[in-house]
Amino acid sequence: MQRFRDRIRTLVSNGPEYARRGLAIVPLPYQSKKPVLRGWPKLEIAQQDIYRHLGAERQNVGVILGTRSGGLVDIDLDSPEAVRLATFFLPPTDAVFGRKSKPSSHYLYKCADAEYKKFNSPLLMASQNESERKDACIVEIRVGTDMKGIQTVFPPSVHESGERVEWLVDSEPESYSFDVLGPAVCKLAAAALLVECWHQGIRHELSIAVAGTLLRNGYDKFDVIHLIKAVCTVANDDDLRDRIKAVEDTHDALLDKRKAYGLPKFVELTDKKLVNCFCEWLGISNSHDAMKPAPIDEQRFQVVCMQDVKATEVEWLWKPFIPVGEFTIIEGIEGIGKSWIGCALACAVASGATLPFDDNASEPASVILLSAEDSLSHTLRPRLDSMGAPLDRIFAMEEVFSLNNPIDLSWFESQMVIYKPKLVILDPMFSYTEGKDLNTETGSRPFPES
């Protein structure tokens with residue numbers, strides 16, 4: 001009997017207690033996502049009736065989306081490209097789940113005014129291959145209405161593939177208006193279309209054509225660069241600097257009223273249906289004649305009067321040594337304990353402990369350690385254990401990458417979005433730059449181009 005009750009508790013309350021939190025639950029057959037109960041969109045399961053409705057030993061559980069669950073919205077990332085693009089475009093949330101092959105394919109939000117929408121690849125939709133047509137969905141904004149119920153399979157159910165559905169980040173969904181959430185999903189879907197056609201041999205010209213299309217429709221240069229960065233990262237394009245320069249050159253050409261590729265070239269290089277979807281999802285014109293002129297920068301570099309600058313109070317991680325949001329260097333000769341200090345800081349931040357000379361404790365927060373010289377298993381883990389560190393809030397990377405490489409940097413930015421660290425430690429810093437001669441200024445402190 002106890003095993004039965006434990007099984008039900010795990011099913012109904014894996015992490016957040018779905019029923020207790022007011023989420024509308026739907027019983028589903030094991031390894032299935034389709035409800036079998038008639039009238040399930042209006043099903044209301046009282047807390048005391050959970051065992052009766054979810055009484056099978058092998059059972060899946062779904063949650064009804066929309067107003068039935070307090071405005072819950074599921075951004076369902078169907079394509080592998082959409083999963084990898086999510087951290088570039090979707091706003092942060094503390095509720096993400098998936099399965100082993102796609103561990104972050106469902107992002108949950110609270111959005112009272114959300115609208116259902118499905119984004120399909122026009123190229124796959126036109127395919128003669130039935131399986132390709134079935135895989136045409138890029139991303140789906142899943143939310144139910146009073147007229148039509150929509151539910152999503154929740155952890156710890158078992159997917160049709162046999163993979164268990166599990167939480168990646170298990171806390172409360174963030175709340176956004178659809179004015180924020182809708183455009184973010186549209187940009188993600190548009191970027192996925194570009195990944196689909198980001199073929200070798202046309203990438204440079206395609207960067208110019210996409211930039212010309214967006215800039216002529218009023219897009220900011222830096223928004224275009226962000227889009228191109230995301231596409232290059234997911235498409236494994238190792239020449240990101242060229243693509244960014246193509247955007248910047250196109251921007252300058254339009255400012256100087258010189259010719260530059262745009263929509264016609266975009267269509268020529270890809271597919272008209274794809275371009276139509278791209279323009280529709282981004283809310284821009286697919287007519288060359290109707291395009292807006294590119295915005296003009298009257299002044300490239302802004303000069304401000306200090307009287308107009310509002311002073312802001314410094315937030316401290318460790319007062320008066322380490323400010324929040326700033327870059328701090330711990331410098332000293334080899335062997336004096338710099339790495340030990342880093343571990344101690346990681347332990348304090350992760351546990352919310354007070355630091356020496358500073359009586360202000362803070363909430364426990366996550367930490368990322370970039371360790372180029374110390375083994376995670378032989379060195380860092382024993383050190384952290386000796387300090388009693390809460391290891392579930394400390395994340396580490398043993399692989400060394402370059403902060404001067406735009407693709408590496410974009411990938412690292414995406415990890416920052418996922419783990420939301422309050423403290424990032426690079427040990428040693430020079431292992432993550434491209435400088436070779438530490439005795440020269442340019443060798444030890446290279447300045448990235450982008």
Which of the residues spanning segment 88-106 are open to solvent by less than 20 Å² (accessible area, probe 1.4 Å) and in contact with an Asp or Glu (Cβ under 9 Å, 6 or more places away or on another chain)?
-> 91, 93, 95, 96, 97, 98, 105
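Before we move on, is residue 369 under 18 Å from residue 340 (Cα atoms), without any contact (Cβ under 8 Å) to a residue 40 or more places away in the chain and among the aliphatic types (A, V, I, L, M)? Write out each step before concluding.
Numbers: under 18 Å from residue 340 (Cα atoms): yes; without any contact (Cβ under 8 Å) to a residue 40 or more places away in the chain: no; among the aliphatic types (A, V, I, L, M): yes.
Spelling it out, it is not the case that residue 369 is under 18 Å from residue 340 (Cα atoms), without any contact (Cβ under 8 Å) to a residue 40 or more places away in the chain and among the aliphatic types (A, V, I, L, M).
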Candidate set: segment 173-213, residues that are open to solvent by less than 40 Å² (accessible area, probe 1.4 Å), of a type in the set (Val, Ile, Thr) and over 30 Å from residue 257 (Cβ atoms); chosen: the one farthest from the chain's Cα centre (by Cα) | 195
Conditions: (1) in contact with a Phe, Trp or Tyr (Cβ under 9 Å, 6 or more places away or on another chain); (2) among the hydroxyl-bearing types (Ser, Thr, Tyr); (3) closer than 26 Å to residue 102 by Cβ. Residue 213 meets all but one. Number of the miss?
-> (3)
If you go through segment 320-361 one residue at a time, how many are at pLDDT below 85 and open to solvent by less than 50 Å² (accessible area, probe 1.4 Å)?
-> 3
Considering only segment 237-268, state which residues are touching a residue at least 40 places away in the same chain (Cβ under 8 Å) and not in a helix (DSSP H, G or I).
-> 237, 238, 260, 261, 262
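Have a look at 224, 180, 210 and point out the one that is of a type in the set (A, V, I, L, M), outside any loop (DSSP other than H, G, I, E, B) and in contact with a Cys (Cβ under 9 Å, 6 or more places away or on another chain).
Values: 224 fails: in contact with a Cys (Cβ under 9 Å, 6 or more places away or on another chain); 210 fails: in contact with a Cys (Cβ under 9 Å, 6 or more places away or on another chain).
Result: 180 is the single residue among 224, 180, 210 that is of a type in the set (A, V, I, L, M), outside any loop (DSSP other than H, G, I, E, B) and in contact with a Cys (Cβ under 9 Å, 6 or more places away or on another chain).
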All but one of (1) of a type in the set (A, V, I, L, M, F, W, C); (2) open to solvent by less than 50 Å² (accessible area, probe 1.4 Å); (3) more than 27 Å from residue 39 (Cα to Cα) hold for residue 65; which doesn't?
-> (3)
Output for segment 367-380, where each listed residue is buried (at least 16 other Cβ atoms within 10 Å of the Cβ) and more than 29 Å from residue 232 (Cα to Cα) | 374, 380
Can you confirm whether segment 272-285 contains a residue that is at pLDDT below 90 and surrounded by fewer than 22 Cβ atoms within 10 Å (Cβ to Cβ)?
-> yes
Subset of segment 388-414, residues closer than 23 Å to residue 88 by Cβ, open to solvent by less than 30 Å² (accessible area, probe 1.4 Å) and in contact (Cβ under 8 Å) with a residue 12 or more places away in the chain, comes to 397, 401, 402, 404, 406, 410, 414
Which of the residues belonging to segment 323-344 are under 15 Å from residue 421 (Cβ atoms), touching a residue at least 12 places away in the same chain (Cβ under 8 Å) and either touching a Phe, Trp or Tyr at 6+ places or on another chain (Cβ under 7 Å) or among the charged types (D, E, K, R) (or both)?
-> 324
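Looking at 223, 256, 238, which is the one that is out of contact with any Ser or Thr (no Cβ under 7 Å at 6 or more places or on another chain), more than 22 Å from residue 82 (Cα to Cα) and exposed (fewer than 15 other Cβ atoms within 10 Å of the Cβ)? Walk me through it before giving the result.
Working: 223 fails: more than 22 Å from residue 82 (Cα to Cα); 238 fails: more than 22 Å from residue 82 (Cα to Cα).
Exactly one residue qualifies, and that residue is 256.
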Would you pick out the residues in segment 420-450 that are modelled with pLDDT of 80 or more and surrounded by fewer than 14 Cβ atoms within 10 Å (Cβ to Cβ)?
-> 420
Considering every residue within segment 153-162, establish whether at least one is modelled with pLDDT under 95, part of a helix (DSSP H, G or I), hydrophobic (A, V, I, L, M, F, W, C) and surrounded by fewer than 23 Cβ atoms within 10 Å (Cβ to Cβ).
-> no
Are there any pairs, at least 6 apart or on different chains, whose C-beta atoms fall under 9 Å, with the first in segment 126-143 and closer than 14 Å to residue 188 by Cβ and the second exposed (fewer than 14 other Cβ atoms within 10 Å of the Cβ), and if so, which?
-> 141/115
Tell me, please, whether a residue that is modelled with pLDDT of 80 or more and of a type in the set (Gly, Ala, Ser) can be found in segment 48-66.
-> yes
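The values are calculated or read from the model by the stated rules, or taken from the named source; none is laboratory data. What you are looking at is a predicted structure, and each value in this text was computed from that prediction instead of being measured. Because the Cβ atoms are built from the backbone with ideal geometry, glycine has one as well, and the counts that use them run over all protein chains shown. These accessible areas exclude ligands, DNA and RNA; they are computed on the full protein's heavy atoms, side chains included. Shrake-Rupley method; radii C 1.70, N 1.55, O 1.52, S 1.80 Å.
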